[in-house]
1. Rank by packing, highest mean first: peptides 68-78, 47-57, with packing defined as the count of other Cβ atoms within 10 Å averaged across residues.
2. How much length is gained if the chain between residue 327 and residue 273 is pulled fully straight, taking 0.36 nm per residue apart and subtracting their Cα-Cα distance, in nm to one decimal?
3. Can you bin the stretch 166-319 into rounded, prolate or oblate? Criterion: square roots of the alpha carbon gyration tensor eigenvalues sorted a ≥ b ≥ c, rounded for a/c under 1.5, prolate for a/b above b/c, oblate for the rest.
4. Averaging over all projection directions, find the projected area of the Cα convex hull of the stretch 297-448 and quote it in nm² with one decimal place.
5. Using every pair of alpha-carbon atoms in the stretch 58-108, split the distances into 10 Å bins beginning at 0 and state the percent of pairs per bin, rounded to integers.
6. What distance in nm lies between label points placed 7 Å from Cα along the C-beta direction at residue 32 and residue 70?
7. Taking N as the number of residues in the stretch 62-178, what value does Rg over Cα atoms divided by 2.2 N^0.38 Å take?
8. Report, in deg cm²/dmol and to the nearest 500, the calculated mean residue ellipticity at 222 nm for the chain, where each DSSP H run with n ≥ 4 adds -39500 (n - 2.57) and the sum is divided by the residue count.
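Every read-out reported here was derived from the displayed coordinates using simple, explicitly stated rules and does not represent laboratory data. In this text the structure is predicted, and so the values were computed from the model without any measurement. Every residue, glycine among them, receives a Cβ derived from its backbone with ideal geometry; neighbour counts consider all protein chains shown.
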Ligand SMILES: Cc1cc2nc3c(=O)[nH]c(=O)nc-3n(C[C@H](O)[C@H](O)[C@H](O)COP(=O)(O)OP(=O)(O)OC[C@H]3O[C@@H](n4cnc5c(N)ncnc54)[C@H](O)[C@@H]3O)c2cc1C
């Protein structure tokens, strides 16, 4: 049996908090011993927001030290690495060589294994799709001790079920990842302030063909004529030719490690509707940046500038509520959802709005429509409010992102994800004894 340590664990939202026995995945590990630790779930860098990489009274395999590069093809840009490798490590080594991850979420501190398990998306989902589009194949340790390679051709059911599969089909060990050629590490961006929801949706339409990347910050407390107001940032990768002279001497410049950190939890009363509406104005001002060329660090990962920023929500923690709804009647539904939020008495913060393209996979979150992600600090009324939001999202034909979810119940989840039965068949085939399970799998009935 591998040595294990009892540890308190939570996701990025610091809610809920649990306990598990942790084992560390390393190069020299005996995988048959890892499988003796049951039930087991993998954990990358813990950037899922809630109980995705938690396993109360079971085992959690920490993968962040399982992060070697195995092979690199500089002609095709295909990298093979261990699954605990982070996007930060990939960028640090390969951006100076002119290669970048194809899909980037809002933080670079995620592992490749975690990116697969949540099939993460970025600001260009409507163009690039989700993380699956950058993965050629992976190897995975199954419940019966076999190590198999899964791809679109080999074990295709296993391949597809892992994207959004929350680590419940095995331990992903190594991944063949397609990187994208870049000429510079800069982006040309344009910020457009918008007055209301109509203006928001029209502006997204207007610049769609011109820019690959788009993301909006929305003021979720604005009501009446200002409902849906905010700022949209559009962007494209900057070519070497267009780069301003001041950046040309180092066009593939890397980020420098951030020195800022929030050393302790802020008091929970610091965020209330008044402070949030003031902060919303500050965000609108900062978002409406006049700078045309920005470095990838600011463009993709502005929140990485402060380590442990999640402590700003206080010890009680927060949830991130992210949903996607179809475009059809989307404006009407969005307006109703925003009204519910503004009058809920809860405190919506950092509200990010994006457009999504077509989805693929069984439990993968994205589909064609509009997605809104909102941070809600844990307050007394929140747990009574989210089931109402869930019902509204369901009524609009939408679903909640499982990589962020902390509160969904099994029945509502299964109505939101119509392909769940197809996924459960794959689970029964590869892990009939539920050797791999987690808090979220028990909460949502993702069990064989
Ligand atoms: C600031 C911030 C911004 C974000 N922005 C976005 C965004 O724009 N788009 C988006 O899609 N997501 C976003 N996320 C969410 C984040 O990208 C995902 O939650 C990601 O999966 C986290 O990766 P991780 O390595 O931290 O995994 P963890 O959170 O540790 O684990 C996530 C899941 O992956 C599984 N897992 C991890 N490693 C393995 C492995 N080797 N084998 C099998 N299963 C494994 C775990 O069991 C768990 O189910 C954001 C998160 C933060 C904190």
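1. On the way: 68-78: 12.2, 47-57: 24.0.
Highest-to-lowest ranking by the protection proxy: 47-57, 68-78.
2. That works out to 16.5 nm of additional length.
3. Cα axes put the stretch 166-319 in the oblate bin.
4. Mean projected area for the stretch 297-448: 10.5 nm², to one decimal.
5. 22, 52, 21, 5, 1
6. A separation of 2.1 nm, rounded to one decimal place.
7. 0.99
8. That comes out to -7000 deg cm²/dmol.
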